[in-house]
Structure formats: structure tokens, C-alpha cells
Amino acid sequence: MATGSTFPARMLGRQLRRLRNEAGIAKTDAEKALGVSANTIWRIESGQSTRLSRPQVRELCDLYNAEPDIRDVLFELVGELGKPGWWHAYGGAYERRFDMYLALEEAADRLTTFQLTLLPGLVQTRDYRRAVMWAAYPQMSQYEVERRVELAARRQLRLQDPRLTMEVLLSESALLHHVGGRAVMADQLRHLARLSEQVNVSVRVVPLTVCHIGLQTGPFVLLEFPKHKRDGWSEPPVVYVESYMGARYMETDEEIGQYRIGSDEIRRVALDAEASRRLFLERTEEFE
């Protein structure tokens with residue numbers, strides 16, 4: 001799976017919750033079976049516990065009368081819990097709250113992102129990323145900044161995987177900020193033009209002349225995951241919204257539906273891929 005322990009924990013927790021509900025078992029009975037607190041069961045079922053053991057899962061499967069083939073898949077997920085994601089080698093180069101996002105990003109097969117002012121990390125050049133880091137953390141050491149730049153570069157390797165589809169919807173304002181200076185922006189815009197030529201990457205611009213729903217939704221990332229071979233086991237989409245002081249993960253059908261509508265409306269008013277590419281190259285000349 002190679003997605004770190006947090007994504008398998010989400011899958012495992014969701015399936016254990018489904019099995020418990022289908023069996024009509026109360027949470028209190030699950031607590032008694034494992035000899036744990038209500039908070040522990042909540043953490044397991046919400047995918048926030050990466051310390052679940054095989055005997056514990058077996059105990060819950062016995063309680064829920066889970067079928068043998070389902071048990072086998074759950075045991076495979078337990079085996080993934082102790083495996084750190086590649087990004088853990090960059091410990092300290094990202095906020096702890098970002099760990100879940102990195103696991104979701106690594107597991108996703110489709111990403112749709114809308115950004116108002118900054119380019120998303122997956123399309124940033126090293127110099128652009130470096131300038132963003134210095135602006136956000138002026139007291140940070142050069143070593144720490146470079147670690148974050150390297151982490152971003154490592155994440156971008158996913159764009160070389162044809163199984164991943166990424167759609168980037170950008171407000172034109174994101175092309176106007178002089179992040180790192182004129183030369184950095186010129187190089188960044190050339191990079192966007194090149195990326196937009198990849199079959200699996202779409203980069204489209206929403207003109208400043210348009211009033212659109214993205215001004216209300218704000219920046220977001222919609223992550224979607226591969227279909228699982230077993231019915232009902234596919235991970236549902238997640239919307240990630242980051243702010244200066246924290247982040248939110250939205251997963252309900254209503255929330256996902258609203259952001260799908262938002263994506264459709266933003267997409268409707270955005271320039272097409274070719275017009276966006278021309279705009280990148282025009283702005284490149286202006287910065288040069």
C-alpha cells in the first residue's frame with residue numbers, strides 16, 4: 001500500500017465500524033470485548049489509532065461474526081499499521097497535522113484543487129516553495145527551509161504516475177503575486193505551462209473578471225481514491241481545507257456534494273487548458 005499507517009487505519013476503522021453497525025453491536029460491548037475506554041473505540045473507528053493489534057481485530061471480528069475473507073483483508077490492513085510513510089523520513093519538515101493529508105495524497109488517484117492566492121505544493125518550483133517558506137517562517141534556519149523544499153519535491157514525483165489525475169483550478173490572482181521576485185515567477189509560470197501538457201494534469205485559470213463560487217468556498221482539495229475490489233470497501237472522497245492555524249477534513253455526503261458543486265461551477269467559468277497555457281506564457285514574458 002505504501003501510504004503510511006494513517007490511511008490503512010482509516011480503512012480499518014471504517015470497516016470495523018460498518019461491521020459493528022451491521023451486527024447491531026453497541027459500542028459499549030466493543031469496549032468490554034477489548035477492555036478499553038469509549039475514547040479508544042472512537043479513535044479506532046475514526047481511523048485515528050495506528051496501534052491496533054491483530055488479536056484485538058480478531059476479538060472484534062469474533063464479536064461481529066465477520067466472514068473469513070473479510071477477516072483476511074482486515075488482518076492485511078493491521079499489518080500495514082506499523083509501516084511509516086516515506087514522508088516520515090522528513091520528520092520536522094512538516095506540521096504534525098499534515099501527516100494525515102500526506103497519507104491521503106499518496107493514496108488518492110484523483111486530486112481536484114482550487115487555489116485563490118498561492119499555487120498548490122504539487123506544482124510549485126523549488127524557488128517558489130523556498131520563497132513561500134521564507135515569507136511564512138522568517139526565523140526558520142536555511143536547513144529547515146531546504147528540508148521542506150525537498151519534501152515538496154518528493155511529493156511531486158506522484159505527478160509522474162499516470163494512475164494519478166490532478167486538476168488544478170487557479171484564480172488568476174495566484175499568477176500576479178511576485179513570490180520570490182520576477183525571475184522566480186517567470187520560471188514558475190513556464191513550469192505550469194509544461195505541466196499542463198501532461199496527459200494526467202490539468203491546470204486552468206479563473207479570470208479576475210469573473211465573479212464565481214470559489215470566492216466563497218475558498219481554497220480546497222478534493223481527494224478521491226481507487227475503487228476497491230470488494231464492494232463497499234472503497235474509501236469515500238475527502239475534502240481538505242487548510243487555514244493558517246489548522247486544517248479540516250470533510251467526509252459527509254453533504255459536504256462532498258457541496259464541494260463537487262463548487263468544483264463544477266469553478267470549472268464552468270475557468271479558461272480552457274489551451275487558453276490557460278497561453279496566459280502562463282504571456283505572464284512569463286511580462287515577468288521577464
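Any read-out appearing in this document is the output of simple, stated calculations on the displayed coordinates, not a laboratory observation. This is a predicted model, so every value here is computed, not measured. Because the Cβ atoms are built from the backbone with ideal geometry, glycine has one as well, and the counts that use them run over all protein chains shown.
Using the Cα centre of the chain as origin and beta-carbon charges of +1 (Lys, Arg) and -1 (Asp, Glu), tell me which of Thr40, Tyr64, Gly214 is placed farthest towards the positive end of the dipole.
Thr40
Once R0 is set to 41 Å, what does the formula 1/(1 + (r/R0)^6) return for the Cβ-Cβ distance between Lys27 and Tyr244, expressed as a FRET efficiency to the nearest 0.05?
Values: r = 35 Å, r/R0 = 0.86.
Taking R0 as 41 Å, the efficiency between Lys27 and Tyr244 is 0.70.
Put +1 on the Cβ of each Lys and Arg and -1 on the Cβ of each Asp and Glu in the chain; which of Leu52, Ser173, Pro226 then has its Cα farthest toward the positive end of the dipole?
Looking along the dipole axis, the top candidate is Leu52.
Given charges of +1 on the Cβ of Lys and Arg and -1 on the Cβ of Asp and Glu, with all other atoms neutral, how large is the dipole of the range 1-149 about its Cα centre, in debye to the nearest 20?
380
To make sure I understand the rule: partners must be lysines, Cα under 30 Å from the Cα of Lys229, and not fewer than 8 residues away in the same chain. Which ones qualify?
Lys27, Lys83
What size of dipole, in debye to the nearest 20, comes out for the chain about its Cα centre when the only charges are +1 on Lys and Arg C-beta atoms and -1 on Asp and Glu C-beta atoms?
On the way: 39 positive and 41 negative charges, 105 e Å.
The calculation lands at about 500 debye.
Show that you can apply the helix-only estimate: for the chain, add -39,500 (n - 2.57) for every DSSP H stretch of four or more residues, divide by all residues, and state [θ] at 222 nm to the nearest 500.
-15500 deg cm²/dmol
When the dipole is taken about the Cα centre of the range 6-80, and only Lys, Arg (+1) and Asp, Glu (-1) are charged at their Cβ, what size is it in debye, to the nearest 20?
320
If you find the alpha carbon centre of the range 168-232 and of the range 88-141, how far apart are they in angstrom?
14
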